[in-house]
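The values are calculated or read from the model by the stated rules, or taken from the named source; none is laboratory data. This structure is a prediction, so every number in the text was calculated from the model and none was measured. Neighbour counts are summed over all protein chains in view; Cβ atoms, including those assigned to glycine, are modelled from backbone coordinates with ideal geometry. Note: accessible area is taken over every heavy atom of the protein model, side chains too, but ligands, DNA and RNA are not part of it. Shrake-Rupley method; radii C 1.70, N 1.55, O 1.52, S 1.80 Å.
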Amino acid sequence: METLMVDCVQSSLRQFMNRNAIFLCERLCAEFPSELNSQLLASCYLHNNQAYCAYHILKGTQLAQSRYLFAISCFQMDLLSEAEAALCPSNETGSEVPNGAAGHYLLGLVYRYTDRRKSAVDHFKQALLIDPLLWAAYEELCTLGAADEASGVFGESAALSIQHQSMYHGSDSQHVQTAIEDRSVLAGRTLGPEEANSRQLKHVHGNSLRDLPVSHHGAAIGVGASSQPLNGGSSTMSVYSTPSPMPSQFSTVAPPPLCRNGQPNMNILGGESSPKSTVNTTIQAPRRKFVDEGKLRKVSGRLFPDSGPRRSTRLAAEAASAASSNSTQGGNGISHSSAKFLGGGSSSRLSSASFRSVTVRKGQSWASESLDDGKRPEAFDDARSDNSATTSTASLSGDDRCLERERGSMQIGGLTPNGSRVTNGVSELLSLLRTLGEGYRLSCLYRCQDALDAYRKLSHKQYNTGWVLSQVGRAHFELVDYLEADHAFILARRATPYSLDGMDIYSTVLYHLKEEMKLSYLAQDLILTDRLAPQSWCAIGNCYSLQKDHETALKNFQRAVHLNSRFPYAHTLCGHEYVALEDYENGIKSYQSALKIDTRHYNSWYGLGMVYLRQEKFEFAEHHFRRAFQINQRSSVIMCYLGMALHALKRNDEALEMMEKAIIADRKNPLPMYHKANILASLERFDEALENLEELKESAPHESSVYALMGRIYKRCNLPAKAMLHYGLALDLKPSAADTAVIKSAMEKLHVPDELEDSL
């Protein structure tokens, strides 16, 4: 009954029937209370976005997988200290982080959001060492500015690690197959004789493994209310140093994944067979045993009283004869899928039972370790079966010899017999990740042109995906190339209209382009797609901000913050609106909130610098602009404002040097040239200032401030006619009301000497 209920719960979860899974799992926990069943119930609640339920179910549990699920619940509830305590218990010094790479990744997130950057970086790197395909960990390292070059992370060492893992998955699939066979035997203890015989016969006649339920606890857990190994020994552990879910958590018939610890999405469906882990467990026992040998023979004899030879031998004989009549049979069973790691072309000839003889051959090299524990692996007993099966096993001797030779080559080369396909697949995948990773790393370092060059190396199929096009749009946005950014985001929307990744940046692009209609349409479309996403409300906020309705814009940005408090850009946009409303105190708080989430969010450092510059706290302004410049050393805008702060501090030489850098960084940006001319004018270097302004007038002919500054310089050069001309040109360009008042005041004082004007 327990096995049936577990299988029903797993089936409901696979079909996204979360409420049905919760109901059945509650019945399961009531009938068979155990921590392992509680894990499954907590997983159901987590799938149903009810982290608080999983939190109460798993609080105080001790198994590794339970602690991992509890930490996920705490993280989603923003209980970061409890999440850290679950992953790293203070009373267990030196204990391993549960769930391998996914556990280290989750712990890295906890450390990141508690402002412990070094520890976060260490755990993200550890997650990548365990699972080189955990892309999410590399993304976090890039965000923290601590990522190594992608060629090193996704290089030869990563390829060897993946190939090493795939080699072990071949033997792991055999263990799962053997476990399913033994579980079907053990089921005879709880099923009636007729039902048990029918289940056995379904397996003997080669029916799909879909007919056999697989426990969510992993193959090492037998049937029974105690949910413990029935042989009295320790339960079988993972082959790796940290626990990870078994293949049964994904599907009862799916082959094992290529990387066991690869859980970038923190899959929480599977269970854990033991609170501890060990490296050499599979080496000590080449197959997973559930009951003592004598007990198993008694059970088999009771189920099949008329059978003479051992069940495994009879299965091998029947499988060999069946294979000759149907050599092209594929199937979706675990034994068939595992054959690609073990036998290459022989997978179509060997049935699931014949792989037990493979276990015999592979098990011979592990004899000494197994005998040290005083146990004989059951696989050896398969090789020494009764004499009545001699003829049937002899028919497989040729295959055994072939597999023996392949096993030897596998030990020498470190790869599976089908290793060329695995090697090619791993090489292609890592090559793709190297290109994507390098592009993303350069983008996070704000080397945006280099990032664009890296993305152009992608194939046409990969480049025209929503994620890549969104990253291209971000890069153009940072380069202040808003038209190209708009084009990239349009392509991204066309490729994946359902994705909201980067749409907050896209809405800001449209804000700068003053595309009110396109921005309004985007905001409505995002709300229809997902009204609970912060990107949607950021787009609406930008729409109102473009219309100068800052109070309504602020409300929408605050809504985005409430939906996701760990979304730094929403906090920054709130700060911009507070500053527009001249509420500098709350603006500073919003910027600081963004920096608590991401210390490399340079927009917030820039925002704080602008606040202090307006408040004429120039030293504070210079400090914050410099912090922003240290993060993004290619932003012409940040360089310009840093130069302005330095000029306000009378450090004119440094200010001019910074303005030169800003001009070189982006020659299309008129702001640094204007402020350079202003600094030169303050130093009474009028000729150089006018030369810069004449050049600027050609690139920005509609900027009234340029003509107003030229008028001021001509006045100081005692050229009132030219000054009046340029003041008039400035007014003709219809500046803002404040600038209009300043220009008219200067025109009225045109004939007043500068000394008297300063005293007025």
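See the values below:
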quantity	calculated
log10 of Debye I(q)/I(0), alpha-carbon scatterers only, for segment 1-166 at 0.09, 0.15, 0.21 Å⁻¹	-0.36, -0.89, -1.23
For segment 708-737 versus segment 476-540, the gap between their alpha-carbon centres in whole angstrom	40
D_trans [Stokes-Einstein, Kirkwood Rh over alpha-carbon pairs] for segment 714-753, 20 °C, 1.002 mPa s, µm² s⁻¹	209
Of the GluC sites (Glu not before Pro) in segment 8-75, those whose Cβ has at most 14 other Cβ within 10 Å and which sit in DSSP loop	none
Intensity falloff of segment 641-760 expressed as log10 I(q)/I(0), Debye formula with alpha-carbon point scatterers, at q = 0.13, 0.15 Å⁻¹	-0.52, -0.69
Heavy-atom accessible area ranking, 1.4 Å probe, most first, across R474, R634	R634, R474
Total lysine pairs whose alpha carbons fall under 19 Å of each other in segment 489-624 (8 or more apart, or interchain)	4
Surrounding net charge for L696, when Lys and Arg each add one and Asp and Glu each subtract one, Cβ distance under 13 Å	-2
Distance between segment 624-700 and segment 1-63 - C-alpha centres, whole angstrom	62
With every protein chain in place, segment 545-704: carbon and sulfur % of accessible area (1.4 Å)	45
Accessible area of D450 in the full protein assembly, 1.4 Å probe (Å², nearest 10)	60
